[in-house]
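Chemist: Once you've had a glance at the structure underneath, I'll fire off some questions.
The values are calculated or read from the model by the stated rules, or taken from the named source; none is laboratory data. Not measured: the values here are computed from a predicted model. Cβ sites come from the backbone with ideal geometry, for glycine too, and all protein chains shown count toward neighbours.
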Amino acid sequence: MLETNNLGVAELKVEGKTIELPLFEGSEGEKAIDIRALRKETGCVTYDPGFVNTGCCKSEITYIDGEKGILRYRGYDINDLAEKCEFVDVAYLLIHGVLPSKTQHEEFSTLLNTHSLLHEDMRHFFNSFPDHAHPMATLSAMAVSLSSFYPELEDTSKQENIDYKVTRLLSKMRTAAAFSYKKSIGHPIVQPRHDLKYCENFLNMMFSTPVNNYQVDPVVSKALNKLLILHADHEQNCSASVVKMVGSSDANLYASISAGICALWGPLHGGANQHVIEMLEKIIVEDGGNVKKVIERAKDKNDSFRLMGVGHRVYKSYDPRAKVAKQMCKDVLAQLGVSDPLVDLAQELEAAVLADDYFQSRNLYPNIDFYTGLTYRAMGIPTDMFTVMFAIGRIPGWISQWLEMKEDPHGRIGRPRQIYTGPTKRAVS
Ligand code: CMC
């Protein structure tokens, strides 16, 4: 890990007492005040709902500059990675810190193939879920159940175990995701194939049936690689923080990832990609395509409605992932010869957002989820699988964040404080 720069001290005056708190700076110039001694020195805690100003760790995995719209994994720009890499290489990069050599790529791919099968007993779980079960519920249950099927991998002290665990999760979660889709439409499951690459394998498990000879379209597999790369990590977001919080109690990796999947499901986080499409469909069906009406609703403080796929906690300029996703959406639809009225509507809505003072003054721009769902739709992925796609992409990020947390010499169990505002002591009469 690169050393942080020491910038001297910040002075804080609390009830007449001045204390000094160390100041330091990360490798890209992010300044921080080390408040670890704050409560001991002053008796005060900090109040920061939603952790808007709280740096919970030092990390060398992902860098975001929300003002400039920059996103880098391990120093590599997201555009560069999305353009030139396969998803498995980016997964390797996030987990191991370097892009794989040809040999490392092959070894990693072999491990992914070796671990792609689901235990037969696990496969029977799918039959116990109702057909209408949301695939995110199924995926989360599958993730945590892996710990029961492979308990020997609980020990992360051995590098060998980490590699097995990592590839098991990446590979089996993809298989489980495809199985959950097949189950939801009542089709027989399709087993993974060793002759197919990671993304092609997933597409084959999704779309192959006993009565068709499914051929993976290279346009679709390239798009899937790109989309998964865009999803692969986003530093201390809600789901990554949940993964780390669960892992900080020494719960195993599978349990931690399962919790992360649940966090991602929420519509304010990864679930937004599904909600964007549902919102666009509603605008057509219920409002006759009236974008102005929807914009007014989103601005109305008496209405809880928000524009899905718009706004971000960190990005105060255009989300760099959304830029790639928007261009890709246009390219993929053109290459596949698909025309979708929802894409035109999305573009109209985006133009209205960018031109409106409410959104401008709050720095609200389309985020990654605004255009990704439209691309998944053109690729034939059903709407309720969109967040599952996000989860498959995010697994390497969660794993790398979890592993980094485990190795952090300053790591402790996650346990925020509160400011109690309830009744003071009283007796039961
Ligand atoms: N539509 C209308 N107003 C909005 C929106 C929106 N989508 N997003 C934020 N605002 C307003 C909000 O009402 C507030 O206004 P005011 O200052 O007048 O009270 C202001 O902008 C700041 O919003 P906030 O809720 O304090 O911002 P946050 O950082 O807590 O929330 C967010 C970020 C992503 C949850 C929020 O922008 C949102 O709900 N967006 C829609 C859901 C969405 O697309 N989520 C996917 C995020 S990207 C994928 C991922 O990484 O998770």
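Chemist: When segment 199-223 is examined, which residues are found to be crowded, with 22+ Cβ neighbours inside 10 Å and at pLDDT below 95?
Modeler: None; the set is empty.
Chemist: Looking at segment 224-235, is at least one residue of a type in the set (V, I, T), farther than 26 Å from G75 by Cβ and modelled with pLDDT of 95 or more?
Modeler: Checking segment 224-235: not a single residue is of a type in the set (V, I, T), farther than 26 Å from G75 by Cβ and modelled with pLDDT of 95 or more.
Chemist: Scanning for something in a helix (DSSP H, G or I) and either within 15 Å of the ligand (Cβ to nearest atom) or not small (G, A, S) (or both), does segment 412-419 turn up at least one residue?
Modeler: No: segment 412-419 contains no residue that is in a helix (DSSP H, G or I) and either within 15 Å of the ligand (Cβ to nearest atom) or not small (G, A, S) (or both).
Chemist: Quickly run through segment 348-380 and pick out the residues that are under 18 Å from the mean Cα position of the chain (by Cα), over 14 Å from V310 (Cα atoms) and not hydroxyl-bearing (S, T, Y).
Modeler: L374
Chemist: Follow-up. Please go through segment 31-42 and give me each residue that is surrounded by fewer than 14 Cβ atoms within 10 Å (Cβ to Cβ) and free of Cβ contacts under 8 Å to residues at least 24 places away in the same chain, ordered by number.
Modeler: R36, A37, K40
Chemist: Of (1) over 21 Å from F87 (Cβ atoms); (2) among the small types (G, A, S); (3) without any contact (Cβ under 8 Å) to a residue 60 or more places away in the chain; (4) touching a helix residue (DSSP H, G or I) at 6+ places or on another chain (Cβ under 7 Å), A251 satisfies all except one. Which?
Modeler: The number of the failed condition is (4).
Chemist: Of these, Y371, Y365, which one is among the aromatic types (F, W, Y) and in contact with a helix residue (DSSP H, G or I) (Cβ under 6 Å, 6 or more places away or on another chain)?
Modeler: Y371
Chemist: What residue, of T114, T110, T103, is under 23 Å from V388 (Cα atoms) and of a type in the set (V, I, T)?
Modeler: On inspection, the qualifying residue turns out to be T114.
Chemist: From I283, I295, which residue is assigned to a helix (DSSP H, G or I), within 12 Å of the ligand (Cβ to nearest atom) and more than 16 Å from the chain's Cα centre (by Cα)?
Modeler: Every option except I295 fails the conditions.
Chemist: Still on this model: Would you confirm whether any residue within segment 306-328 is away from the ligand (no atom under 12 Å from the Cβ) and either more than 24 Å from G66 (Cβ to Cβ) or part of a loop (DSSP other than H, G, I, E, B) (or both)?
Modeler: Yes: segment 306-328 contains one or more residues that are away from the ligand (no atom under 12 Å from the Cβ) and either more than 24 Å from G66 (Cβ to Cβ) or part of a loop (DSSP other than H, G, I, E, B) (or both).
Chemist: How many residues, within segment 343-376, are away from the ligand (no atom under 12 Å from the Cβ) and either of a type in the set (S, T, N, Q) or crowded, with 18+ Cβ neighbours inside 10 Å (or both)?
Modeler: Counting residues in segment 343-376 that are away from the ligand (no atom under 12 Å from the Cβ) and either of a type in the set (S, T, N, Q) or crowded, with 18+ Cβ neighbours inside 10 Å (or both) gives 8.
Chemist: Let me ask something else. So S239 ticks every box in (1) within 22 Å of A133 (Cα to Cα); (2) outside any helix (DSSP H, G or I) but one. Which box is left unticked?
Modeler: (2)
Chemist: Please go through segment 317-342 and pick out each residue that is over 21 Å from K222 (Cβ atoms) and surrounded by 17 or more Cβ atoms within 10 Å (Cβ to Cβ).
Modeler: Residues satisfying the conditions are D319, L342.
Chemist: State which residue pairs qualify: first residue at positive phi and modelled with pLDDT of 95 or more and inside segment 296-325, second residue of a type in the set (S, T, Y) and part of a helix (DSSP H, G or I) in any location, beta carbons under 8 Å apart, and separation of 6 or more residues or different chains.
Modeler: G309/Y371
Chemist: Just give me the residues in segment 96-118 being of a type in the set (S, T, N, Q) and surrounded by 14 or more Cβ atoms within 10 Å (Cβ to Cβ), in sequence order.
Modeler: Hits for segment 96-118 are Q104, S109, N113, S116.
Chemist: To continue, here is another question. Where residues in segment 182-198 are in contact (Cβ under 8 Å) with a residue 60 or more places away in the chain and buried (at least 21 other Cβ atoms within 10 Å of the Cβ), which of them is farthest from Y150 (Cα to Cα)?
Modeler: Taking the candidates together, the pick is Y198.
Chemist: Let me ask something else. With (1) surrounded by fewer than 22 Cβ atoms within 10 Å (Cβ to Cβ); (2) under 16 Å from the mean Cα position of the chain (by Cα); (3) not in a helix (DSSP H, G or I) as the list, and C262 as the residue in question, which single condition is left unmet?
Modeler: (3)
Chemist: For segment 377-388, how many residues are assigned to a helix (DSSP H, G or I), away from the ligand (no atom under 13 Å from the Cβ) and not hydroxyl-bearing (S, T, Y)?
Modeler: Summing the residues that are assigned to a helix (DSSP H, G or I), away from the ligand (no atom under 13 Å from the Cβ) and not hydroxyl-bearing (S, T, Y) in segment 377-388 gives 5.
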